[in-house]
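The values are calculated or read from the model by the stated rules, or taken from the named source; none is laboratory data. Keep in mind that this is a model prediction, so the values were computed, not measured. Cβ placement follows ideal geometry from the backbone for every residue including glycine, while neighbour counts extend to all protein chains displayed.
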Amino acid sequence: MEVVSLPVLHRMAVCGGTHGDEMTGVFLVPELERQRREKGDGIWPIALTTVLSNPRAIKECKRYVEKDLNRCFTSALLSSSITDSTPYEIQRAQELNSLLGPKDTEDAIDIICDLHNTTANMGLTVISYSFSNWVCLHLFKYLKEKVTTVPVRLMLLDIPICDAYSLESVSKYGISLEAGPQPQGVVRADIFNFMKEAVNAVMDWIKIFNSGQVIEGGELESYMVEKSIDYPRDPETQRPSAAVHPQLQDQDFCLLKPGDPMFLTFSGETVKYEGEPRHPIFINEAAYYEKGIAFHLAQKKNITIPSIQAKKD
Amino acid sequence: MDRERLLHLRNKEDVVKLPALERVAVCGGTHGNELSGVYLVRERLKKRRKSEVMEPVTVVTVMSNPRAVHRCVRYTETDLNRCFTDAMLSFSVSDQTPFEIIRAQELNSQLGPKGSDQATDLICDLHNTTANMGLCLITYSDCDWICLHICKHLQREMATIPVRYIHYDFPPAEAYSLDSVGKHGFAMEIGPQPHGLIRSNIFTAMQEAVQLMLDWVRLFNSGSEFEGGWVDVYSLVKNIDYPRDPQTHIITAAVHPDLQDRDFCLLHPGDAMFLSFSGESVRYKGKEPLYPFFINESSYYEKGVALFLARRRRVEIPSIQSSRT
């Protein structure tokens, strides 16, 4: 197969605290800054910008103060007018777009690696958009080989760039690293360690790529999100009337088949799944209750990626 | 007269007679994001069990902090479950008084007054923790035979989750939590569960435990004798904070992977306790092996607590029977 030639990567950002209560990133970003102070910029193969994305939310240890920052990066919101009543996070998104973008232009930073946690049992999940170039998919392939302490999987969102709403869509090749399970507001050492390992692996890959070596392609397994399922809700109060069934809880990425238990109501009845066989992801994420999501459903898709090689400028 | 002397003087075959528990309260949502209790209280209220009178006990079901529950936060202005000391319950209320202090005084009127004859006989206050603690009954007494017998009953009957008894040695006036308002009371703490979400297995365990507790109360009130025996009691000795940056006060380490999730496993001097973000281990420097619990509870970061440490001892409990018969 033909080797695809891509430009050398010059600039990268590692972002944490996009959600202020997802603590791995909140602590890993300052740790990278400490390494920079102690050992100098030369320790990294690429110019690295470290960002604490939502400082106000971090200070209050909340996901957001007015609006979920990680839904503010659509092209429409990035170009909306700012007034006195504009939520803080929309303004902050536009600042980040100036710093790291502008999105969808030649000046945008090459790579954003945005660090997140989830209460779902998702190990290390690399999240990217289907419009992403081969760089993101190669990064996933490399992470899957190098990070062995937890399962590593690829989740893809089939959304065009202008509608892509999350921070990493500002860069040319952006990925979110989602690590779980970890409660919000908690930092677990084991999760911190594998996230640190993953960020180091991303840097290693960039070094290899930028050196001009051919990076072998291959087949990858991805999970393409199709839709989400909400909790059964009380028609009057709109509150959930059931919890994720014990047999589904923690079974992220396993196959959910028609007839499998999905929810257990608080009065003890089982609600079964009735759709096509699909893979549930983000099962019982605390932050998604208010978004009406009990879990996403994804279809497993094999993707073939070509070998790539950096072309020198 | 202290407990040991009391036991020694009493004939071991004597059954201790205690007043029946005529009024019991089940409270949830004392912390608004600890959802097992919130949903359990909602289910009980939906089934019109706001105040059920089933001879021989009245059970009152209470949503302790409705504002915090509505926003799914631990508290809105100050931690409600620290507002029940004698001093705070008699605090003069003004426009500036935090909501939770006012609410604590309302709950004290409804379920207390604390320390009086009118107080609810037994308060069971439902909580969740991010720590791997199974089910714990947390009380201020290591010789409250009612609480200890309920613990023994749960330990015998609950197969899916370990049940333990934790004792905080505070005098009644300084006891700060809602359960201290009743003549007898405990926090029923179940974990691990992240705040803001509900795990089905944890909800089911809590539901089972509350039902077992109420069944025990009815049996006790109807005159059954409960045979004595012993219960392992974990008595709080001290807490340990995270290592922090001396200037910013921000934590510089996480609980060590060797300690994470090992609540109630003995921690020895020299054992790893924290792992700094730059990779160094911090070891336990105490002289005495102690039992850790509430390891990595998310809401305790702001209180300066990474874990608690306890001594464990076996407490002998007498046979008891309600004094109605």
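Structure notes:
- For region A:27-35, the condition holds for no residue, the condition being that it is exposed (fewer than 15 other Cβ atoms within 10 Å of the Cβ) and either farther than 21 Å from A:R188 by Cα or in contact with a Gly (Cβ under 9 Å, 6 or more places away or on another chain) (or both).
- Residues located in region A:200-231, provided they are within 14 Å of chain B (Cβ to nearest Cβ) and either surrounded by 20 or more Cβ atoms within 10 Å (Cβ to Cβ) or hydroxyl-bearing (S, T, Y) (or both): A:Y231
- Selected residue (criterion: nearest to B:I138 (Cα to Cα)) from residues of region B:183-205 that are touching a Phe, Trp or Tyr at 6+ places or on another chain (Cβ under 9 Å) and assigned to a helix (DSSP H, G or I): B:F203
- Criterion applied to A:S228, A:S267 was being of a type in the set (S, T, N, Q) and under 30 Å from B:E208 (Cβ atoms), and the one residue passing it is A:S267.
- Filter result for A:F27 (among the aromatic types (F, W, Y) and within 15 Å of the chain's Cα centre (by Cα)): no
- Filter result (within 20 Å of B:V41 (Cα to Cα) and of a type outside the set (D, E, K, R)) within region A:215-244: A:Y231, A:P232, A:P235, A:T237, A:Q238, A:P240, A:S241, A:A242, A:A243, A:V244
- In the set (1) more than 15 Å from the chain's Cα centre (by Cα); (2) at pLDDT 95 or above; (3) within 14 Å of chain B (Cβ to nearest Cβ), the condition left unmet by A:A179 is number (1).
- For region B:135-147, the set of residues classified as without any contact (Cβ under 8 Å) to a residue 60 or more places away in the chain and either assigned to a loop (DSSP other than H, G, I, E, B) or in contact with a Pro (Cβ under 7 Å, 6 or more places away or on another chain) (or both) consists of B:Y140, B:S141, B:D144, listed by residue number.
- Check on A:D104, surrounded by fewer than 23 Cβ atoms within 10 Å (Cβ to Cβ), within 16 Å of the chain's Cα centre (by Cα) and of a type in the set (D, E, K, R): no
- The residues on offer are B:Q105, B:Q118, B:Q96, and the sole one that is of a type outside the set (D, E, K, R) and in contact with a helix residue (DSSP H, G or I) (Cβ under 8 Å, 6 or more places away or on another chain) is B:Q105.
- Number of the exception - B:A253 against (1) touching a residue at least 60 places away in the same chain (Cβ under 8 Å); (2) touching a Ser or Thr at 6+ places or on another chain (Cβ under 9 Å); (3) not aromatic (F, W, Y): (1)
- Index of the failed condition, A:Y165 passing every other in (1) closer than 22 Å to B:G279 by Cα; (2) touching a Leu at 6+ places or on another chain (Cβ under 9 Å); (3) assigned to a loop (DSSP other than H, G, I, E, B): (1)
- Listed by position, the helices (runs of 4 or more DSSP H) enclosed by region A:11-92 that each have at least 2 residues that are within 12 Å of chain B (Cβ to nearest Cβ) and in contact with a Ser or Thr (Cβ under 9 Å, 6 or more places away or on another chain) are A:23-39.
- Search result, residues across region B:270-302 that are loosely packed, with under 15 Cβ neighbours inside 10 Å and touching a Gly at 6+ places or on another chain (Cβ under 6 Å): B:R283
- Residue within region B:208-225 that is within 26 Å of B:R313 (Cα to Cα), of a type outside the set (A, V, I, L, M, F, W, C) and touching a residue at least 40 places away in the same chain (Cβ under 8 Å) present: yes
- B:Y284 modelled with pLDDT under 95 and aromatic (F, W, Y): no
- Considering only residues in region B:164-209 that are within 10 Å of the chain's Cα centre (by Cα) and among the aromatic types (F, W, Y), the one that is surrounded by the most Cβ atoms within 10 Å (Cβ to Cβ) turns out to be B:F186.
- Within region A:45-71, residues that are of a type in the set (F, W, Y) sit with their Cβ atoms under 9 Å from residues that are surrounded by 18 or more Cβ atoms within 10 Å (Cβ to Cβ), at 6+ positions apart or across chains, in these pairs: A:Y64/A:H19; A:Y64/A:G20; A:Y64/A:N54; A:Y64/A:A57; A:Y64/A:N70; A:Y64/A:E89.
- Take the conditions (1) buried (at least 17 other Cβ atoms within 10 Å of the Cβ); (2) assigned to a strand (DSSP E or B); B:N239 misses just one of them, which is (1).
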